[in-house]
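Since the structure comes first, as structure tokens, the remarks are kept for the end.
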Amino acid sequence: MRKEDFVTDMAADAVERCPQSEFAEVKKLSCGIVKRVVRVSDDAAARKTGRAKGVYLTFDCTPAALSSERGLRTLSGLLAEALVDMAGVQGRRATVLVAGLGNPAVTADSLGGAVTELLDVSPVSDAERERTKTRLCAVNTGVEGRTGIRSADTVEGVCRLLRPACVIAVDSLATSAPGRIGTSFQLTNAGIAPGSGVGRDKARLDRSSLGVPVIAVGVPLVLSLGTVLLDFARDYAAAIGCGGNEFSLRTLMSERRLGGLVVAPKEIGFHVETAACVIAGAINSVYGEHGAKRGLNLPKHID
């Protein structure tokens, strides 16, 4: 498969296609959760994986883990610990800005806004906040097509005003693995380029552009149909012992305009609700106005 055919935001997807395994560390945790760490430390690793330099932490979950209160609380706790490790901001008077990226009018792209809706943000007045608490702020950027403003410009402008200690950018991601839809949670200190996973190169949100640590948190909720079809055709050809005709497949995909389609599962609303509750719970427990006292907002499917 050509590099331009491989569409994903997930470092775990990229590493699985690399013959080298030194980039990834895998550890099985409780509730069937698998932790994968990808460290892209130099330019050579960046070229091999197609990822920006940084640490990529992925929690792959089973459907059972995401359908039980114990599993969701365990996952939210793991995300909270990872946020503290990556951002280095906890228990001190500082400002943390959460940027909800994406388009709230499109369910598959609404994760960022769904998370900010559940955040326990801090009062604006210093007198109304505990002196030792972190100030948690949130902003929804919308998308350039609806606002006329790039997401990166919106976040940069808010950062100039608030001067946060770190930015947590939450967004829906793209994956090349259907099994990761709604079940994988990725955190990285490499920042994020909104829209890049589906072929739209956008300005990056990272430490070099904002001047503070940027932790990108996301869940894959869409996948490129072209990537999936090419993968399937390759695996099927190998299974039946034939070489296949990639040129004919590409021609047919082009004629039927399938290569540029981005698709989401019919249960997308369920996945967004679950992911938003878990991510917001993690952020609230560490940086929220009431800390862990507020507890985790469980999705509706959990009794």
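The table below lists the values:
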| quantity | calculated |
| --- | --- |
| Any hit, the range 84-96, residues being open to solvent by less than 20 Å² (accessible area, probe 1.4 Å), touching a Cys at 6+ places or on another chain (Cβ under 9 Å), assigned to a helix (DSSP H, G or I) and at pLDDT below 95 | yes |
| Boolean, Gly100 is within 17 Å of the chain's Cα centre (by Cα), open to solvent by 10 Å² or more (accessible area, probe 1.4 Å) and not acidic (Asp, Glu) | no |
| Hits in the range 13-36 (condition: modelled with pLDDT of 90 or more, within 22 Å of Ser172 (Cβ to Cβ) and aliphatic (A, V, I, L, M)) | Ile33, Val34 |
| Evaluation of Gly288 against (1) at pLDDT 90 or above; (2) surrounded by 21 or more Cβ atoms within 10 Å (Cβ to Cβ); (3) over 24 Å from Val7 (Cβ atoms) (one fails), failing number | (1) |
| Matching residues in the range 187-225 - criterion: being modelled with pLDDT of 80 or more, surrounded by fewer than 23 Cβ atoms within 10 Å (Cβ to Cβ) and part of a helix (DSSP H, G or I) | Arg207, Ser208, Ser209, Leu225 |
| Search result, residues across the range 253-283 that are in a helix (DSSP H, G or I) and in contact with a strand residue (DSSP E or B) (Cβ under 8 Å, 6 or more places away or on another chain) | Ile268, His271, Val272, Ala275, Val278, Ile279, Ile283 |
| Number of positions in the range 26-59 that are open to solvent by 60 Å² or more (accessible area, probe 1.4 Å) and either in contact with a strand residue (DSSP E or B) (Cβ under 6 Å, 6 or more places away or on another chain) or β-branched (Val, Ile, Thr) (or both) | 7 |
| Test result for Ala65, crowded, with 18+ Cβ neighbours inside 10 Å, modelled with pLDDT of 90 or more and either touching a Leu at 6+ places or on another chain (Cβ under 6 Å) or not aromatic (Phe, Trp, Tyr) (or both) | yes |
| The range 1-12, subset more than 30 Å from Glu69 (Cβ to Cβ) and open to solvent by 20 Å² or more (accessible area, probe 1.4 Å), residue modelled with the highest pLDDT | Val7 |
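The values are calculated or read from the model by the stated rules, or taken from the named source; none is laboratory data. This is a predicted model, so every value here is computed, not measured. Every residue, glycine as well, gets a Cβ built from its backbone with ideal geometry; the counts of neighbours run over all protein chains shown. Note: areas computed on protein heavy atoms with side chains; ligands, DNA, RNA excluded. Shrake-Rupley method; radii C 1.70, N 1.55, O 1.52, S 1.80 Å.
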